[in-house]
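The values are calculated or read from the model by the stated rules, or taken from the named source; none is laboratory data. As the structure is a prediction and not an experimental result, all values here were calculated from the model. All Cβ positions, even for glycine, are placed from backbone atoms using ideal geometry, and neighbour counts span all protein chains on display.
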Amino acid sequence: MTIRSQLNLIRRRVLIITLLTWVVFAVGSFLITVHRWFIVVSLLAFIGLILETIFLMFGIRCPKCKAALGHTLSYPPQGLSISDKIKFCPFCGVSLDSEIEIEKSFST
Ligand SMILES: [Zn+2]
């Protein structure tokens, strides 16, 4: 697995969760007129959106240098994938298309 594919996997999962949270927020906001408890649903969804945005900015990190790549990866993407124009980590220079070194939990 390459660094790019791992970052794409994380980014896609968070973006899909964010989309679902937006739907919950929107539906909850419309249903406030039906029952007041939907205010709680909308507030929880809004807090979730804030947390997901913070994670997208600071939680996605380079596996080599652990620097936050949120701003770099927010460059206009190709669908839900990271743009092919981003080739390297801007902090340590590792290629995003290089293989991730898998740490073994036990030594032989
Ligand atoms: Zn790096």
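Numbers at a glance
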{"item": "Identity of the residue in segment 19-59, in a loop (DSSP other than H, G, I, E, B) and over 18 Å from Gly70 (Cα atoms), that ends up nearest to the chain's Cα centre (by Cα)", "result": "Trp37"}
{"item": "Candidate set from segment 1-18 (those that are part of a helix (DSSP H, G or I) and among the hydroxyl-bearing types (Ser, Thr, Tyr)); member that is surrounded by the fewest Cβ atoms within 10 Å (Cβ to Cβ)", "result": "Ser5"}
{"item": "Pro76 modelled with pLDDT under 95, loosely packed, with under 15 Cβ neighbours inside 10 Å, in contact with a helix residue (DSSP H, G or I) (Cβ under 7 Å, 6 or more places away or on another chain) and not in a helix (DSSP H, G or I)", "result": "no"}
{"item": "Qualifying positions in segment 61-96 - in contact with a strand residue (DSSP E or B) (Cβ under 7 Å, 6 or more places away or on another chain) and either closer than 16 Å to Arg13 by Cβ or in contact (Cβ under 8 Å) with a residue 60 or more places away in the chain (or both)", "result": "Arg61, Leu69, Val94, Ser95, Leu96"}
